[in-house]
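What follows is a short report on a single structure.
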Amino acid sequence: MATKNTILPILTLFSIFLPLATSIDFNYPAVFNFGDSNSDTGELTVGLGFFLDPPNGQHYFKTSTGRFCDGRLIIDFLMDEMDLPFLNAYLDSVGLPNFRKGCNFAAAGSTIRPATPTSVSPFSFGVQVAQFLRFKARVLELLPEGKKLSKYLPEKDYFEKGLYMFDVGQNDLAGAFYSKSLDQILASIPAILVEFETGIQKLYDQGARNFWIHNTGPLGCLPQNVAKFGTDPSQLDELGCVSQHNQASKLFNLQLHALCRKFQGQFSDANVTYVDIFTIKYNLIANYSRYGFEQPIMACCGYGGPPLNYDSRVSCGQTKILNGTSVTAKGCPDSTEYVIWDGIHYTEAANQYVSSQILTGKYSDPPFSDKMPFLLNLKF
């Protein structure tokens, strides 16, 4: 029986683009990432000037890094598999950030559509693309100044040869449920994806050619949504997930997949890979014990106890006064037993499992699982 700690013989990310690439070189010199908290390596915390309380970051990093997780994210595992360093957040200015191998523009709470005054993050997808455009222009200004700066900056051709990764859209859907009906949300998806297409087009026009696009996960299985929208058992599916949230996720993913195929058809010189994160995560929640987990939906770090251990008034690591009593959202004894970290995000152990499944190549379009003549071991 495979567990999250098993080292599986599996394809490495080095091989992912074999069915797509027109050259023999599969070595991506840099990665430029866009998204939300699923891949934020510190952007929101430095951008808004706040700290994530422990036990965030307790594993691997041993300190809070601005990741909404107890340790590494999916993007960290994928970067490791490509022999590239973890990405620095674009706005992180302290500690000699090195952007030689890429840059991370993803910020927790971000949406595809423009932010509003009540948005968690002002760094919507359009803003992230604009930040990239400024980043690229500034890099090209500075590179001629010599080696002193070049060791911290990507080479000019890295912008064309690099990999552009995307994991965004979850917050557009999740946030809409607080003020809109399911029908209204489903009807808004095409407009959301027009905004996404606009950003992708801008990056393509700037020379981006390698696109790696994650769909959105099963929103209805997050304790945050179960606690708010799942109080009526008739609203839940057989796994205890909110059916309407997952219905919205599925339609969003269907249309995102179609957009990826459209984009690939329009631009034959681009490599567009769509990754089915929803199926991987839903399978993990459905078959959690098979993969060595004990809690598929209950949060590891939270307050309130079973069945969800989630209270929207107290975030992971925080202490607040509720009804005259001081309460703390504490971490569980062993987060490797949990799929969900804080009610909204996944644990490092779950992210590791998801990453291992991404790297099988079975959940991508185009698939790449049958394209390599050899198998290599995962590094994590």
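Which residue, of Phe68, Phe50, Phe105, is under 13 Å from Gly317 (Cβ atoms) and surrounded by 19 or more Cβ atoms within 10 Å (Cβ to Cβ)?
Only one candidate qualifies: Phe68.
What pairs come out if I take residues in the range 41-65 that are without any contact (Cβ under 8 Å) to a residue 40 or more places away in the chain and pair them with residues that are open to solvent by 60 Å² or more (accessible area, probe 1.4 Å) and in a helix (DSSP H, G or I) whose C-beta lies under 7 Å away, six or more apart or interchain?
none
Looking at Thr231, Thr216, can you tell me which residue is β-branched (Val, Ile, Thr) and surrounded by fewer than 19 Cβ atoms within 10 Å (Cβ to Cβ)?
Only one candidate qualifies: Thr231.
Look through the range 279-301, keep the residues that are under 21 Å from the mean Cα position of the chain (by Cα) and small (Gly, Ala, Ser), and return whichever of them is least open to solvent (accessible area, probe 1.4 Å).
Looking at the filtered set, the residue picked out is Ala299.
So which of Thr347, Thr319 ends up being surrounded by fewer than 20 Cβ atoms within 10 Å (Cβ to Cβ) and at pLDDT 95 or above?
When all the criteria are applied, what remains is Thr319.
State yes or no: is Val327 closer than 26 Å to Asn246 by Cβ, modelled with pLDDT of 95 or more and of a type in the set (A, V, I, L, M)?
No; evaluated as a whole, the condition is false for this residue.
Can you tell me which residue is farthest from the chain's Cα centre (by Cα) among those in the range 108-123 that are crowded, with 17+ Cβ neighbours inside 10 Å and β-branched (Val, Ile, Thr)?
Per the stated criteria, the residue is Val120.
Could you please find all residues in the range 1-36 being open to solvent by less than 10 Å² (accessible area, probe 1.4 Å) and either of a type in the set (D, E, K, R) or modelled with pLDDT of 50 or more (or both)?
Hits for the range 1-36 are Ala30, Val31, Phe32, Asn33, Phe34, Gly35, Asp36.
How many of the residues making up the range 166-199 are of a type in the set (Gly, Ala, Ser), over 15 Å from Leu256 (Cβ atoms) and in a helix (DSSP H, G or I)?
4
Would you confirm, using the coordinates I've provided, whether Ser326 is open to solvent by 50 Å² or more (accessible area, probe 1.4 Å) and assigned to a strand (DSSP E or B)?
Spelling it out, Ser326 is indeed open to solvent by 50 Å² or more (accessible area, probe 1.4 Å) and assigned to a strand (DSSP E or B).
Could you pull out the residue among Lys147, Lys151, Lys136 that is surrounded by fewer than 14 Cβ atoms within 10 Å (Cβ to Cβ), charged (D, E, K, R) and in contact (Cβ under 8 Å) with a residue 40 or more places away in the chain?
That would be Lys151, the only listed residue that is surrounded by fewer than 14 Cβ atoms within 10 Å (Cβ to Cβ), charged (D, E, K, R) and in contact (Cβ under 8 Å) with a residue 40 or more places away in the chain.
Just checking, how many residues over the range 234-278 are among the hydroxyl-bearing types (Ser, Thr, Tyr), part of a helix (DSSP H, G or I) and open to solvent by 60 Å² or more (accessible area, probe 1.4 Å)?
Here the count works out to 1.
Please enumerate the residues belonging to the range 171-193 that are among the hydrophobic types (A, V, I, L, M, F, W, C) and surrounded by 13 or more Cβ atoms within 10 Å (Cβ to Cβ).
Across the range 171-193, the qualifying residues are Leu173, Ala174, Ala176, Phe177, Leu182, Ile185, Leu186, Ile189, Ile192, Leu193.
Only residues that are open to solvent by 80 Å² or more (accessible area, probe 1.4 Å) and either touching an Asp or Glu at 6+ places or on another chain (Cβ under 8 Å) or within 21 Å of Gly220 (Cβ to Cβ) (or both): list them for the range 304-316, please.
Matches in the range 304-316: Pro306, Pro307, Ser312.
The values are calculated or read from the model by the stated rules, or taken from the named source; none is laboratory data. All figures in this text were calculated on a predicted structure; none of them were measured in a lab. A quick note on method: Cβ atoms are made from the backbone with ideal geometry, for glycine too, and the neighbour counts reach across all protein chains shown. Please note that ligands, DNA and RNA were not included when accessible areas were found on the heavy atoms of the full protein model with its side chains. Shrake-Rupley method; radii C 1.70, N 1.55, O 1.52, S 1.80 Å.
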